[in-house]
Amino acid sequence: MAGAYIHIPFCEHICYYCDFNKVFIEGQPVDDYVAMLLKEMRMVMAEHTEEKIETVYVGGGTPTTLTPQQLAVLCQGIRDILHFDHGEFTFEANPNDLLTTDKLQVLHDFRVNRLSIGVQSFNDDVLKRIGRIHRAKDVYTAIGNARKVGFDNLSIDLIFRLPDQSRDDFLNSLQKALALDLPHYSTYSLILERKTIFYNLMRQGKLRLPTQDVEADMYQDAIDLMEAHGRHQYEISNFAKTGYQCRHNLLYWQNDKYFGFGAGAFGYLGRDRYHNYGPIKQYLAPLHADHLPVLAHHLVPVSEQIEEEMFLGLRTMAGVNEDRFYRRYHMTVDAVYGETVPELESQGLIERQNGYIRLTNRGKFLGNEVFQQFLLDEPLV
């Protein structure tokens, strides 16, 4: 069993904080990209005929910048090539692409059953400052249209620690988001990534961000308000009603297998982590020559697998399953981290209960510091 991530790198506008692989859609060979993406899928799956695809996640970029016709070709290909008959099928979308029902109807007709909509804020001034082209009113139209077509598994993203954002402003966005009564929400703290507009502004001293204390308050507000509305935190940044956790992302956090298709996509199959070419021309050229567009393979050492097992597992509220750890690596957690776990327990950052190791509430706020403690000084034989 494995997941499949499919990357659509096209955008109508580049947001100021985004460092994902993306290009302006204008003038791009979109039809050729979709055709070669499906060709890549055929070539890869011909080598993995026994692999059953459990979840599909189409991300970007902005997948919904494709036309209805292009979406239909892509979805039909996914169904046919991946032999994907049932399971969680997610598309990322922007609100401004859902102001009519034509694209939504295509997605629903091909049994896409989950939408993840990039809202980020309900404050129009904030949206302008971060380079978003939709406005708050568009969110209501998009959600209404999605429900009208028949979607009920809907999620929206919110970002906090944005430039000149106050705690009250983020709280207001949380309240408006929850008033939509969706089954799933994601909230992310702004990370300044290289090669983004915000990173360059920060280097020039022109980016005013909330303090760390305000950021922590915003995060606690999200945790408290989500729980009060029956959206339980199941991962550091994700909240859901029971039964609506994102199954595809759970594959990542459980360190399971997934295929990566498209420009700049990563895949992880057993110990093989591979990375496709990012630039569109470099991605398309090998496929036109009947070669896979893989830039690099990395054979993941056991020590690195174990580190990732801890980092990723601790992101979830369930935590790291010690039995699963032993079955995978034929070692106990204590055999590898005999001093680390008790030390972090004594600091109140993790807890150990019923065969799981998980972050405490305090640990959630210091996650990166906790994760660093699980880096191994020497490779395991």
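Key figures for this structure:
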| item | result |
| --- | --- |
| Qualifying residue in segment 48-61 (condition: in a strand (DSSP E or B), assigned by TED's automatic domain parsing to the domain that holds residue 116, touching a Lys or Arg at 6+ places or on another chain (Cβ under 6 Å) and in contact (Cβ under 8 Å) with a residue 24 or more places away in the chain) | yes |
| Segment 117-174, residues that are of a type in the set (A, V, I, L, M) and surrounded by fewer than 19 Cβ atoms within 10 Å (Cβ to Cβ) | 133, 136, 149, 171 |
| Residues being touching a helix residue (DSSP H, G or I) at 6+ places or on another chain (Cβ under 9 Å), closer than 16 Å to residue 91 by Cβ and not hydrophobic (A, V, I, L, M, F, W, C) - total across segment 34-68 | 8 |
| Selection count, segment 208-222, where residues are crowded, with 18+ Cβ neighbours inside 10 Å, of a type outside the set (Asp, Glu) and either without any contact (Cβ under 8 Å) to a residue 60 or more places away in the chain or not assigned by TED's automatic domain parsing to the domain that holds residue 188 (or both) | 2 |
| Residues (assigned to a loop (DSSP other than H, G, I, E, B) and within 23 Å of the chain's Cα centre (by Cα)) located in segment 11-36 | 12, 13, 14, 15, 16, 17, 18, 19, 20, 21, 22, 25 |
| Residues (among the β-branched types (Val, Ile, Thr) and either surrounded by fewer than 15 Cβ atoms within 10 Å (Cβ to Cβ) or without any contact (Cβ under 8 Å) to a residue 24 or more places away in the chain (or both)) located in segment 10-36 | 14 |
| Answer from 112, 106 - the residue that is part of a helix (DSSP H, G or I), assigned by TED's automatic domain parsing to the domain that holds residue 166, over 21 Å from residue 179 (Cα atoms) and modelled with pLDDT of 95 or more | 106 |
| Single residue of 218, 226, 202 found to be outside any loop (DSSP other than H, G, I, E, B), more than 27 Å from residue 316 (Cα to Cα) and aliphatic (A, V, I, L, M) | 202 |
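The values are calculated or read from the model by the stated rules, or taken from the named source; none is laboratory data. Keep in mind the model is a prediction, meaning the values are calculated, not measured. We place every Cβ from the backbone using ideal geometry, glycine too, and count neighbours over all the protein chains shown.
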